[in-house]
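Below is one structure, written out as structure tokens, with a few remarks after it.
Since every read-out is calculated from the coordinates, none of them should be taken as a lab result. All of these numbers come straight from a predicted model, not from anything done at the bench. Backbone-built Cβ (ideal geometry, glycine too); neighbour counts: all protein chains shown.
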Amino acid sequence: MPRVLIDTTVLFAATYRQDSAHDKALPILSGIDTAALPEVVILDYVLAETLNGLTTHAGHDAAVDFLDRIEENARFHIESLTADAFATAKALFRQYEQFSLVDACIVAYMQNEGFGYLYAFDDDFDAAADISRLTTATNPYQPQ
């Protein structure tokens, strides 16, 4: 099955019960776990951002538990940018005021690797015309 990228906004919200988007995010992670949704790629930058947020808001143990669950789950793939993709990310960061550097890294990776879909609640990604942002537990590769 093709893969989809996933943003911090979904990972953090699914894991941190007090997040306002928790109830929207949890079905996405559950769908990935049960294979109802595609496997996902988590950029190492996104993983770091998620773990930092969890450490701050939920504590070190919660962050470590999340890291362990991601590493043990074969449906989650942690990837890194190539040097060329990181150069593209820096250019995107300079070009789009609304992108954080991590957002720019996600977009650069998607463009470099030919991904079209991203699970994310952050509407800043809508500035990238070639990305379809998914905000629900939707499988973009299955006809509706």
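Of everything in the range 1-38 that is of a type in the set (D, E) and in contact with a helix residue (DSSP H, G or I) (Cβ under 7 Å, 6 or more places away or on another chain), the residue that is nearest to D68 (Cα to Cα) is D7.
All of (1) buried (at least 24 other Cβ atoms within 10 Å of the Cβ); (2) free of Cβ contacts under 8 Å to residues at least 12 places away in the same chain hold for L5 with one exception: (2). Which of the residues that make up the range 119-133 are closer than 27 Å to T34 by Cα, part of a helix (DSSP H, G or I) and touching a residue at least 12 places away in the same chain (Cβ under 8 Å)? F125 - this is the single residue of the range 119-133 that is closer than 27 Å to T34 by Cα, part of a helix (DSSP H, G or I) and touching a residue at least 12 places away in the same chain (Cβ under 8 Å). For the range 8-59, a residue qualifies if it is surrounded by 15 or more Cβ atoms within 10 Å (Cβ to Cβ), β-branched (V, I, T) and in a helix (DSSP H, G or I), and the qualifying residues are T8, T9, V10, T15, I28, I32, V46, T50, T55.
Residues checked against (1) polar (S, T, N, Q); (2) in contact (Cβ under 8 Å) with a residue 40 or more places away in the chain:
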| position | (1), (2) |
| --- | --- |
| L37 | no, yes |
| V40 | no, yes |
| D44 | no, no |
| E49 | no, yes |
| I70 | no, no |
| L92 | no, no |
| Y117 | no, yes |
| T135 | yes, yes |
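For the range 45-98, the candidate set comprises residues that are more than 18 Å from L26 (Cα to Cα) and among the basic types (K, R); within that set, the residue that is farthest from the chain's Cα centre (by Cα) is R94.
Out of A128, A83, one residue alone is small (G, A, S) and crowded, with 20+ Cβ neighbours inside 10 Å. It is A128.
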